[in-house]
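Values in this text are rule-based calculations from the coordinates and carry no lab data. Note that the structure is predicted; figures quoted are calculated from it, not measured. For neighbour counting, all protein chains shown are included, and Cβ atoms are generated from backbone atoms with ideal geometry for every residue, glycine included.
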Amino acid sequence: MKKINKQESPQWFEDWKKNFKMENNREPHYKNDFSTDDIDGVNRRRKLRECLVDEQGKICCYCMRKITTDSSHIEHFLPKDSFEDKDLQYDNLFASCNGEETIREDEDHCGHRKNDWWRKDMLSPTDMEVEKAFKYSLNGKINSVRGRTTENIAQEMIHNLGLDSYHLERDRRQALEASEVFDAEEYSEEEIRSFIEYYSNKDNGAYVPYCKAIIDCLEEML
């Protein structure tokens with residue numbers, strides 16, 4: 001997983017919540033208030049997804065797959081049905097890919113697979129530990145890092161978010177191959193660090209999909 005650097009909540013979003021409270025004399029909630037079925041609700045959700053997708057460098061908050069406003073959904077890290085007081089807090093909102101459209105539930109991944117699953121020690125996409133708790137390999141596999149205090153919860157997250165799904169392993173492997181940085185037999189340390197720097201940062205506002213998987217494999221070469 002790649003750490004997400006949350007920005008300030010969009011002003012229009014905070015203004016909407018403030019105006020709703022003034023007009024209705026209560027705090028708004030995601031269901032029924034923000035996420036309505038009319039055109040206003042549709043437009044609000046799309047506008048918020050645009051903010052989240054851009055903030056995340058156009059990658060899914062969990063698997064790092066490339067996402068757009070149309071290929072993602074608003075993900076509540078703390079489930080909205082269990083944490084109603086946080087269902088419209090911007091720091092609890094992310095953009096997740098829509099997983100896989102298959103008839104097998106175990107092939108789905110990310111926000112739809114996670115659903116309402118939550119644990120107190122689960123790692124948020126904003127936690128720096130997410131870049132240390134998981135390790136990717138050249139074959140596209142993901143594992144929790146042994147010996148860390150987060151080893152067990154990281155492994156549970158891999159399962160409950162479907163990060164070890166066949167689809168994601170295949171896509172990560174293909175991304176690693178497509179990067180071509182592993183084609184040469186040898187690189188200087190300076191070249192490797194230059195590659196790491198490139199994949200660690202956004203290019204024209206976007207990260208390279210599965211960038212952290214590429215970075216992990218490059219770091220193994222140091």
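Things to note:
- Magnitude of the charge dipole, segment 11-219, Cβ model with Lys/Arg +1 and Asp/Glu -1, debye to 20: 520 debye
- Hits among aspartates and glutamates - C-alpha to C-alpha of residue 132 under 20 Å, sequence gap 8 or more where chains match: 121, 151, 156, 164, 169, 197, 216, 219, 220
- The residues neighbouring residue 56, those whose beta-carbon lies less than 12 Å from its own, together hold a net charge of +4 under the Lys/Arg +1, Asp/Glu -1 convention.
- In a DSSP loop and with at most 15 other Cβ atoms within 10 Å, the chymotrypsin sites (Phe, Trp or Tyr not before Pro) in segment 117-150 are 117, 118.
- 24 Å Cα-Cα threshold exceeded, pairs from 3/66; 80/135; 31/66: 80/135; 31/66
- Segment 40-92: C-alpha gyration tensor shape, a/c 1.5 cut-off, then a/b vs b/c: oblate
- Structural descriptor for segment 73-133: relative contact order 28 percent, calculated from alpha carbon pairs under 8 angstrom and at least 6 residues apart.
- Rounded to whole Å, the principal axis extents of the Cα atoms in segment 11-219 read 65, 35, 34, largest first.
- Cβ-Cβ FRET estimate between residue 40 and residue 82, R0 fixed at 22 Å, reported to 0.05: 0.25
- In nm, spacing of pseudo-spin labels at residue 145 and residue 126 (7 Å Cα→C-beta vector): 2.2 nm
- Relative contact order for the chain, counting Cα pairs under 8 Å that sit 6 or more residues apart, in percent: 21 percent
- Neighbours of residue 137 by Cβ distance under 15 Å: Lys/Arg scored +1, Asp/Glu scored -1, total 0.
- Considering only alpha-carbon pairs that sit under 8 angstrom and 6 or more positions apart, the relative contact order computed for segment 1-112 is 23 percent.
- Computed from Cα positions, the angle between helix 11-24 and the longest principal axis of the chain comes to roughly 30 degrees.
- Per-residue extension of 0.36 nm, minus the Cα-Cα distance of residue 116 and residue 71, leaves a gain of 14.1 nm for this segment.
- With a cut-off of 14 Å between beta carbons, the residues surrounding residue 150 carry a summed charge of +1, where Lys and Arg count +1 and Asp and Glu -1.
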